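Remarks on the structure that follows.
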Amino acid sequence: MNKSIIRLENIKRNFQVGDETVHALRGVSFSINEGEFVSIMGSSGSGKSTMLNLLGCLDTPTEGEYYLDNVAVSSMNKDERSTVRNRKIGFVFQSYNLLAKTTAIENVELPLQYNPAYTGKQRRDKAMHALKDVGLADRMYHKSNQMSGGQMQRVAIARALVNDPVLILADEATGNLDTRTAYEIMVLFQELHAKGRTIIFVTHNPELAAFTSRNIVLRDGKVIKDTANENIQSAKKMLDSLPIQED
């Protein structure tokens, strides 16, 4: 039995907007085990963004408890949560969040700068290895303005992998990409999942959920669906079925 990486117990998150209390999450409970590839879906206002912030230790719940790798996040202070974000969670964002004037390898090294366990050479070696893992061995010294959107997202994924996190948290990771490039990125995520990575893929696009092993749907701050995907689609097959683009 795989161990639980994430456990949410009756999570509630309220926000005060003027005189009104907004109930963004209304008693959410679920667990995610090591090695799962889970999509979290929901339309605008469903609580998806609030959930993402909680899972990424960027925010804490009003009520309930969030356990990450069997440690209660509420027991951590701000600095401890920051360390957890750096060491245990790999973030992949829709907008890539790369430093514009630095090379791919420098961007990937960035999370390791805050980890004193690594020497400069070890940082460089790990960054090179992560870039090779995402198919960018030939782009290590290219800057962001020298790469396509798909290549920049691969750099972002390599950066997410470099600290060997227990969890990859992807927020609309294909949102800025064309259809072909989006499938290429989903192929990469499926390959990472096949290697045992635990991935949470937050998306508003139900088509992408077909590539994940489990689908959680939020509506009005509650989980309305949590099902295993019995018919996982191959992103590689979908990619291969697309017509060849002419230059």
Check your understanding: Looking at the stretch 111-119, is at least one residue of a type outside the set (Ser, Thr, Tyr) and within 20 Å of the chain's Cα centre (by Cα)?
Key -> yes
Practice item. Kindly check whether there is at least one residue in the stretch 70-78 that is closer than 27 Å to Ala194 by Cβ, buried (at least 17 other Cβ atoms within 10 Å of the Cβ) and not aromatic (Phe, Trp, Tyr). Key: no
**Study point:** From the options Ile6, Ile32, Ile40, Ile11, residue that is closer than 24 Å to Glu172 by Cβ, over 19 Å from the mean Cα position of the chain (by Cα) and not polar (S, T, N, Q)
**Key:** Ile11
Check your understanding: Can you tell me which residues in the stretch 202-232 are within 19 Å of the chain's Cα centre (by Cα), assigned to a loop (DSSP other than H, G, I, E, B) and closer than 13 Å to Lys48 by Cα?
Key -> His204, Asn205
Study note, to complete from the structure: Those residues of the stretch 200-234 which are in contact with a helix residue (DSSP H, G or I) (Cβ under 6 Å, 6 or more places away or on another chain) and modelled with pLDDT of 95 or more amount to Phe211, Asn215, Leu218
Practice item. Might you check whether a residue that is of a type in the set (Gly, Ala, Ser) and touching a Leu at 6+ places or on another chain (Cβ under 6 Å) occurs anywhere in the stretch 30-38? Key: no
**Study point:** Breaking point among (1) among the basic types (Lys, Arg); (2) closer than 20 Å to Ile200 by Cβ; (3) surrounded by fewer than 16 Cβ atoms within 10 Å (Cβ to Cβ), for Lys101
**Key:** (2)
Study note, to complete from the structure: The condition from (1) at pLDDT 95 or above; (2) farther than 26 Å from Ala182 by Cα; (3) of a type in the set (Val, Ile, Thr) that Ile105 misses is numbered (2)
Exercise for review: Please enumerate the residues belonging to the stretch 15-48 that are surrounded by fewer than 16 Cβ atoms within 10 Å (Cβ to Cβ), among the polar types (S, T, N, Q) and touching a residue at least 12 places away in the same chain (Cβ under 8 Å).
Suggested key: Ser29, Ser31, Asn33, Ser43, Ser44
Study note, to complete from the structure: Within the stretch 2-11, the residues that are without any contact (Cβ under 8 Å) to a residue 60 or more places away in the chain and either among the basic types (Lys, Arg) or farther than 27 Å from Ser234 by Cβ (or both) are Leu8, Glu9, Asn10, Ile11
Check your understanding: If the Cβ limit is 6 Å and pairs must be 6+ apart or interchain, which residue in the stretch 147-160 that is farther than 14 Å from Leu110 by Cβ pairs with which residue that is part of a helix (DSSP H, G or I) and among the acidic types (Asp, Glu)?
Key -> Gly150/Glu184
Exercise for review: Could you tell me which of the residues Leu54, Leu58 is in contact with a helix residue (DSSP H, G or I) (Cβ under 9 Å, 6 or more places away or on another chain) and part of a loop (DSSP other than H, G, I, E, B)?
Suggested key: Leu58
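Yes/no per residue for (1) within 30 Å of Val22 (Cβ to Cβ); (2) surrounded by 19 or more Cβ atoms within 10 Å (Cβ to Cβ); (3) touching a residue at least 24 places away in the same chain (Cβ under 8 Å):
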residue: Gly175; (1), (2), (3): yes, no, yes
residue: Lys195; (1), (2), (3): no, no, no
residue: Leu208; (1), (2), (3): yes, yes, yes
residue: Val217; (1), (2), (3): yes, yes, yes
residue: Ile224; (1), (2), (3): yes, no, no
residue: Gln233; (1), (2), (3): no, no, no
residue: Lys237; (1), (2), (3): no, no, no
residue: Ser241; (1), (2), (3): no, no, no
Exercise for review: Taking the options Ser75, Ser148, name whichever one is farther than 25 Å from Phe189 by Cβ and not charged (D, E, K, R).
Suggested key: Ser75
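The values are calculated or read from the model by the stated rules, or taken from the named source; none is laboratory data. Predicted model, so just to flag it, every value in this text is computed and none were measured. Neighbour counts are summed over all protein chains in view; Cβ atoms, including those assigned to glycine, are modelled from backbone coordinates with ideal geometry.
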